[in-house]
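The values are calculated or read from the model by the stated rules, or taken from the named source; none is laboratory data. Bear in mind that the values here come from a model prediction, so they are computed numbers and not experimental data. Note: ideal-geometry Cβ built from the backbone for every residue, glycine included; neighbour counts use all protein chains shown. Keep in mind that these areas ignore ligands, DNA and RNA; they rest on the heavy atoms of the full protein, side chains included. Shrake-Rupley method; radii C 1.70, N 1.55, O 1.52, S 1.80 Å.
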There are 2 protein chains.
Amino acid sequence: MNNIETTENIFVHFEKFIPLSETLKSELSKRIKPVEFKKGALVLDANTICTKSYFVNKGILRTYFIKDGKEISEYFSGVAEWVNSPRSFMQRKKDIYYIDAIEHTETYFINVNDLVYLFDNFPEMERYSRLSMGTLFGHFMERIASMRFTSAKERYDHFQRVYADIYHRIPLGMVASYLGITQETLSRIRAEK
Amino acid sequence: MNNIETTENIFVHFEKFIPLSETLKSELSKRIKPVEFKKGALVLDANTICTKSYFVNKGILRTYFIKDGKEISEYFSGVAEWVNSPRSFMQRKKDIYYIDAIEHTETYFINVNDLVYLFDNFPEMERYSRLSMGTLFGHFMERIASMRFTSAKERYDHFQRVYADIYHRIPLGMVASYLGITQETLSRIRAEK
DNA sequence: CATAACTTTTGACCTACATCAAATAATCAC
DNA sequence: GTGATTATTTGATGTAGGTCAAAAGTTATG
């Protein structure tokens with residue numbers, strides 16, 4: 001596969017938000033490169049600054065942090081999503097988030113410097129960024145609400161719906177910490193179905 | 001106060017993220033207008049589309065939704081923040097959020113159409129939007145984490161720190177639903193200090 | 001393919017917070 | 001100001017989900 005082909009999926013993604021000129025397409029193709037991760041591979045260490053954003057083409061990336069020695073899953077990537085450590089990536093400083101690959105995962109990545117170049121030269125990229133973040137906002141608000149006002153079982157049901165195609169590939173302990181419950185409780189919830 | 005004066009605070013806010021040209025300042029001044037709300041006034045009804053974004057200069061706005069007949073507070077504005085119903089405002093459709101004024105509140109507002117005009121004609125406004133949203137992201141992620149892994153008391157302590165200057169002006173019931181606990185529990189937490 | 005190293009399940013018991021109910025205290029409207 | 005609302009506190013009791021511990025199942029590695 002040449003690079004133009006590999007970035008087709010990404011173009012489709014961008015075009016949900018902005019039209020892509022040929023010039024921009026070519027600039028994107030030059031700057032977006034494929035990289036794969038083996039199952040269990042660490043994609044980002046919290047002790048480093050996140051300088052790359054990964055677009056998941058196949059597989060699952062997980063964002064997590066460590067609290068009291070335990071890994072707390074914050075987020076699972078679906079396919080066709082950018083994954084990075086937001087504050088680290090945008091503000092070029094360390095943050096608490098690790099990223100790893102739950103299974104063998106194919107991604108394309110862009111370096112923060114290249115992205116900044118695109119922001120500086122293609123105002124539509126700024127627009128893309130604003131619009132795509134906007135949709136994420138709603139998800140965040142819903143999740144905050146659900147953490148406060150729904151039972152563990154309701155949250156698990158919702159999780160299964162949102163992650164319908166991948167939830168069974170994520171280890172139980174990771175799902176539990178994502179939902180804010182213990183493994184034992186999640187195991188019992190599963191059992192009584 | 002003429003309008004140029006009233007928008008000074010907002011200029012300071014913008015300049016935390018982007019430099020403001022004189023042209024842009026003048027365009028902003030033309031489009032940003034003051035409006036005040038009495039204590040208890042409804043700023044946005046969930047049954048309508050949110051077409052204005054409010055910049056709080058004095059007072060407190062609250063975003064809430066209704067679940068099982070009860071008001072659940074989602075967010076309290078600090079001073080110098082934009083408040084709107086994000087998905088409604090950005091996607092021009094109804095959403096579940098109401099906004100009201102907890103006390104007499106002074107704001108400046110901009111209409112969504114005017115904002116779109118600015119986005120279309122001043123790429124730096126897109127950049128402002130991207131950067132300012134970026135900082136909010138971190139707050140959302142922290143709140144999601146805190147809802148899952150901290151006790152009611154810890155969340156209340158954190159709330160007091162974050163809203164140090166206004167927390168005592170917000171009625172207990174509203175604080176409780178914001179924290180995801182009952183009024184009774186919050187009352188007991190307060191009592192034992 | 002065997003043993004080590006995780007992951008998931010099951011059980012007993014405990015606690016933080018919810019629910020329901022009723023008594024005060026504060027605020028509002030006339 | 002005074003009665004009517006509305007907000008807050010206090011008490012008794014219930015329960016979802018936590019903790020600790022150990023067994024059973026699964027996956028990885030030499």
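Observations
- Once the partner protein chains are put back, segment B:128-157 shows a loss of at least 50 square angstrom of accessible area, versus the chain by itself, at B:R130, B:M133, B:F137, B:F140, B:M141, B:I144, B:M147, B:R148, B:F149 (probe 1.4 Å, ligands and nucleic acids excluded).
- Look at the dipole of chain B built from charges on Cβ: of B:V79, B:H168, B:V12, the Cα furthest out on the positive end belongs to B:H168.
- Computed FRET value (nearest 0.05) for B:E103 with A:E103, which takes r as the C-beta separation and R₀ as 30 Å: 0.05
- Förster radius 45 Å - calculated FRET efficiency between B:Y167 and A:Q183, Cβ distance, rounded to 0.05: 0.80
- Degrees, to the nearest 10: B:152-162 long Cα axis against longest axis of chain B: 30
- For segment B:140-147, Karplus couplings with θ = phi - 60° (6.51, -1.76, 1.60), whole Hz, Gly/Pro x: 4, 4, 5, 5, 4, 5, 5, 5
- 7 Å along Cα→Cβ, label-point gaps from B:R161 to other copies, nm, shortest first: 3.5
- Taken about its Cα centre, segment B:3-149 carries a charge dipole of roughly 420 debye when the Cβ of each Lys and Arg holds +1 and the Cβ of each Asp and Glu holds -1.
- Here is the tail figure for segment A:1-71: Cα pairs spaced more than 19 Å apart come to 49 percent of all pairs.
- Chain B: most fluctuating residue of B:L136, B:L24, B:L42 per GNM, C-alpha cutoff 10 Å: B:L136
- Between segment B:65-134 and segment A:7-45, the alpha-carbon center distance in angstrom: 30
- Amide H contacts of B:I72 (H built 1.01 Å from N, in plane; Pro and chain starts excluded): B:F65, B:I66, B:K67 sit under 5 Å, all sequence-distant by 5 or more or on other chains.
- In sequence order, calculated HN-Hα J values of segment A:86-95 (Karplus, 6.51, -1.76, 1.60; Hz; x Gly/Pro): x, 5, 5, 5, 7, 10, 6, 9, 5, 9
- Within the listed set B:E74, B:E103, B:E154, the Gaussian network model of chain B (springs between alpha-carbon atoms below 10 Å) gives the highest mean-square fluctuation for B:E154.
- Each other copy places its own label point for A:N47 at 5.9 nm from this one, sorted shortest first, where the point lies 7 Å along the Cα-to-beta carbon line.
- By the Cα gyration tensor, the protein assembly as shown has an equivalent ellipsoid whose semi-axes, rounded to whole angstrom, run 34, 31, 17 from largest to smallest.
- Here the accessible area is traced with a 1.4 Å probe on the protein chains. For segment B:76-182, carbon and sulfur cover 56 percent of it.
- Amide H contacts under 5 Å for A:F109: A:K33, A:V35, A:F55, restricted to partners 5 or more places along the chain or on a different chain, H placed in the peptide plane at 1.01 Å from N.
- Ranked from shortest, the separations from the 7 Å Cα-to-Cβ label point of A:V35 to its equivalents in the other copies are 4.7 nm.
- 16 Å reach of a label modelled at A:N47, 7 Å along Cα-to-Cβ, counting backbone N of segment A:76-112: A:94-99
- Mean-square fluctuations from a GNM of chain A, with a 10 angstrom spring cutoff on Cα atoms, peak among A:N57, A:N121, A:N111 at A:N121.
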